[in-house]
Amino acid sequence: GTKAPARLLGTGSGTALDVCAAPGGKAMQLAAAGWAVTALDLSEARIKRMAENFARTGTEAASICADALKWEPEARFNAILLDAPCSATGIFRRHPDVLIRVGERQLAETTALQSALLARAADWLADDGVMVYAVCSLEPREGEEQLAAFLAARPDFVIDPIAAEELPAGVEPLPDGTLSTGPWLLTEQGSLDGFFAARLKKISA
């Protein structure tokens, strides 16, 4: 499931930002797809490990240790990947206890953080740029409802529908062009973790 969000940005020749980048796999994928990648993460230890991974694999990516809620980029990006912090209910197949652990307060905290990150990332995207928002959650408030609130607040963004041919066999996008997967999919191959993803395009005013 983790590879899908980066794959949704496709191949590119422009600049891409991975907002919550650690441990770095998604940034490596974006770099391999041709993007000039900036990998942002809050934790110094994680950034250090990530930079080592980049060096070891020969990945060209700039690592920045900063709080996405305070950081400001020097220039806008052509593509942004926001694989946002979430309640992680999508991993319940492997960790059933997560469903008991996720309380109302935690959900309120993660949804507020997602909204703030989405609002900031939206301003960092160049006109005609593409942003992928993803959460490994089955909670509509972190997925569909988060997206609906964002689109209502930002008329300069539209859903860029995900096509079936971009996805692994057996996984279909929803009618609105977003993606919601869960353990009920691909059961023969060991089933998928639950996650929600939407690809958004910024339309120039």
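The values are calculated or read from the model by the stated rules, or taken from the named source; none is laboratory data. Here the structure is a predicted model, which means the values were calculated and not measured. We work out accessible area using only protein heavy atoms, side chains counted, and drop any ligands, DNA or RNA first. Shrake-Rupley method; radii C 1.70, N 1.55, O 1.52, S 1.80 Å.
Each residue of region 166-173 was assigned a 3J(HN,Hα) from its phi angle through the Karplus curve 6.51 cos²θ - 1.76 cosθ + 1.60 (θ = phi - 60°); the sequence is 7, 10, x, 4, x, 10, 10, x Hz, with glycine and proline shown as x. Entry for region 4-92 at q = 0.11, 0.17, 0.21 Å⁻¹: log10 I(q)/I(0) = -0.28, -0.67, -1.00, Debye formula applied to identical alpha-carbon scatterers, no solvent contribution.
Rank Leu82, Leu69 by accessible area, highest first, at a 1.4 Å probe radius?
From most accessible down to least: Leu69, Leu82.
Put simply, the amide H of Trp35, placed in the peptide plane, has neighbours under 5 Å in Gly12, leaving out anything fewer than 5 places away on its chain. Less than 5 angstrom separates the built amide H of Ile80 from those of Leu17, Val130, Met131, Val132, all sequence-distant by 5 or more or on a different chain. Computed over all pairs of different Cα atoms, the Kirkwood value for the hydrodynamic radius of region 3-49 is 10.6 Å.
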